[in-house]
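The structure appears right after this line, and notes come after that.
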Amino acid sequence: GQTLHLSEEQVIACTFNVSKYTSNGGCNGGTTPGVLDYVIDNGITLAEDFKYTSGDGDHTVPPCPSGKPYATRITKQEFLPQYDEDNVAKIVYEVGPVASGIDAGGIQDYKSGILDVAEPSGGWSINHGVVIVGYGVENGTKYWIFKNSWGVGWGDQGFFKVKRGVNSLAMSEFNYAAYF
């Protein structure tokens, strides 16, 4: 299939303080179900049509645009069983990308390679949403491929790899499949 680069900015702007979409907090975070509900109701445009601006120095949430054509729409979302990375891989393979909540503390300085982040002494704190777009094996190490929302200037062109099968970054705790 075709890879679509969807607008992160649209879901930030259009779910900001809207109770129907769990009153997402703009640049201060939100919830995966709220974002997916918005895309079910409204569709989502391409990133090139509503560019990501958070982090450009002006952290004001932009207004939600009206009349932007949508590139795709999802029909339903499904919360996946926790701690079942094999099932997550199956969904990525059979359905497509999976929205995932992670502890972003271990990815701040990522540039390349496969992260193998140990659980912090205080436990994981899920505080960031990313998308699992694939998985693989490199030199005998299984890994996940994630797409981050921080733009192509971060990480490996906006992507990062994390060791698979060990719940690194708490990635197996909160995952949602989106059906198109």
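The table below gives the values:
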{"read-out": "Gln2-Asp84 FRET efficiency (beta carbon distance; Förster radius 30 Å; 0.05 resolution)", "value": "0.60"}
{"read-out": "Computed [θ] at 222 nm, helices only, for the chain once each DSSP H run of length n ≥ 4 contributes -39500 (n - 2.57)", "value": "-4500 deg cm²/dmol"}
{"read-out": "Reachable aspartates and glutamates from Lys20, criterion Cα separation under 14 angstrom, eight or more residues apart if same chain", "value": "Asp37, Asp41"}
{"read-out": "Residues Ser172, Ser66, sorted so that the one with the fewest Cβ neighbours within 10 Å comes first", "value": "Ser66, Ser172"}
{"read-out": "For Phe79, Phe50, order by how many other beta-carbon atoms lie within 10 Å, fewest first", "value": "Phe79, Phe50"}
{"read-out": "Cα coordinate range in the chain, projected on the principal axes (Å, largest first)", "value": "48, 36, 30"}
{"read-out": "Three-way shape call for region 76-179 based on the alpha-carbon gyration tensor, with the a/c threshold at 1.5", "value": "rounded"}
{"read-out": "Whole-Å distance, taken between Cα centres, linking region 110-136 and region 20-41", "value": "22"}
{"read-out": "Most to least packed among 147-154, 95-102 [average Cβ atoms within 10 Å]", "value": "95-102, 147-154"}
{"read-out": "Proximal lysine pairs, region 60-180, alpha carbons under 26 Å, eight or more residues apart or interchain", "value": "16"}
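Values quoted throughout were computed directly from the atomic coordinates according to the rules given, and no laboratory measurement underlies them. Here the structure is a predicted model, which means the values were calculated and not measured. With ideal geometry, Cβ positions are generated from the backbone for all residues, glycine too; neighbour counts draw on all protein chains shown.
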